[in-house]
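Have a look at the structure below before the remarks.
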Amino acid sequence: MKNKNQKTGISRRNFIKGFGGGIVGTAAVTSSFAKGVGSQAGPHGSTVHGPGKVKISMQVNGKNHSLEVEPRTSLLDAMRDQLGYTGTKRVCNRGECGACTVIMNGKTVLSCSIFAMDADGAKIETVEGLAKDEKLHPLQEAFVKHDALQCGFCTSGFLMSSVALLRKNPSPSRDEIRHGVSGTLCRCGTYPNIFAAVDDAAKTMKRGG
Ligand code: FES
Ligand code: FES
């Protein structure tokens with residue numbers, strides 16, 4: 001018998017693959033390499049961007065994108081609203097909950113708290129890039145197996161911080177897992193299941209799964 005989510009076409013398995021629903025200022029002074037329309041020389045070799053849009057490019061999950069953003073646009077908003085990567089969630093939108101965690105140039109970042117302009121030329125990894133050829137990443141499989149999500153708003157953040165953790169430390173202890181994902185909060189309180197899932201996935205990946 002189909003459950004409620006399956007009837008609407010949104011299965012737990014699809015959700016975890018990234019199938020989700022879904023700084024302020026008029027100008028910015030940076031030393032970044034963003035170019036644009038709205039950029040001009042500023043003091044001391046800096047560049048003033050805005051208030052017009054600035055052309056940037058970035059690679060997301062191996063795919064190149066060019067876009068124009070206002071200088072105040074966060075990486076999160078650019079990815080979700082302009083590029084359609086809605087698997088990364090906007091929850092607190094002020095750097096406190098970790099739900100918007102993505103991997104940028106190999107390191108985890110809170111995408112709500114950095115300018116899209118500062119991701120110009122960057123390589124970004126999001127939850128949508130984890131499954132390959134319809135096969136879930138071992139961490140995604142383990143989250144399903146251990147029932148490590150309820151509402152799911154924190155899930156992509158936990159998955160991306162866990163991916164980064166296991167790249168650095170393929171055999172983490174339970175304390176190292178807790179510490180490794182500690183920047184992400186789960187209001188539904190699924191922490192024991194999340195820690196068990198990461199532990200299980202680490203073992204599967206070590207076996208080559
Ligand atoms: S949405 Fe970015 S830290 Fe909460
Ligand atoms: S599953 Fe709801 S916030 Fe974590």
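The values are calculated or read from the model by the stated rules, or taken from the named source; none is laboratory data. From a predicted model like this one, the values you see are computed outputs, not experimental measurements. All Cβ positions, glycine included, derive from the backbone under ideal geometry; neighbour counts span all protein chains shown.
Taking only region 188-200 into account, find how many residues are under 18 Å from the mean Cα position of the chain (by Cα) and within 12 Å of ligand 2 (Cβ to nearest atom). Of the residues in region 188-200, 1 are under 18 Å from the mean Cα position of the chain (by Cα) and within 12 Å of ligand 2 (Cβ to nearest atom).
If you filter region 123-132 down to residues that are surrounded by 20 or more Cβ atoms within 10 Å (Cβ to Cβ) and part of a loop (DSSP other than H, G, I, E, B), you find that the one that is farthest from the chain's Cα centre (by Cα) is 130. Suppose we keep only residues that are within 16 Å of ligand 1 (Cβ to nearest atom) and polar (S, T, N, Q) within region 136-161. Which one would you say is nearest to residue 182 (Cα to Cα)? Taking the candidates together, the pick is 161.
Every test in (1) surrounded by 20 or more Cβ atoms within 10 Å (Cβ to Cβ); (2) in contact with a Phe, Trp or Tyr (Cβ under 6 Å, 6 or more places away or on another chain); (3) in a loop (DSSP other than H, G, I, E, B) is passed by residue 79 save one, and that test is (3). For residue 141, the conditions (1) crowded, with 18+ Cβ neighbours inside 10 Å; (2) in a loop (DSSP other than H, G, I, E, B) are fulfilled apart from (2).
The requirement of being surrounded by fewer than 16 Cβ atoms within 10 Å (Cβ to Cβ), at pLDDT 75 or above, under 18 Å from residue 119 (Cβ atoms) and touching a Ser or Thr at 6+ places or on another chain (Cβ under 6 Å) is satisfied by residue 95. For residue 182, the conditions (1) over 19 Å from the mean Cα position of the chain (by Cα); (2) not in a helix (DSSP H, G or I) all hold with the exception of (1). When you look at residue 111, is it farther than 22 Å from residue 189 by Cβ and of a type in the set (Ser, Thr, Tyr), yes or no? In short, yes. Could you tell me which of the residues 86, 101 is surrounded by fewer than 22 Cβ atoms within 10 Å (Cβ to Cβ), touching a helix residue (DSSP H, G or I) at 6+ places or on another chain (Cβ under 8 Å) and among the polar types (S, T, N, Q)? Exactly one residue qualifies, and that residue is 86. Within region 113-155, the set of residues being of a type in the set (Phe, Trp, Tyr) and either within 15 Å of ligand 2 (Cβ to nearest atom) or touching a strand residue (DSSP E or B) at 6+ places or on another chain (Cβ under 6 Å) (or both) comprises 143, 153.
Within region 87-107, which residues are more than 11 Å from ligand 1 (Cβ to nearest atom) and assigned to a strand (DSSP E or B)?
103, 104, 107
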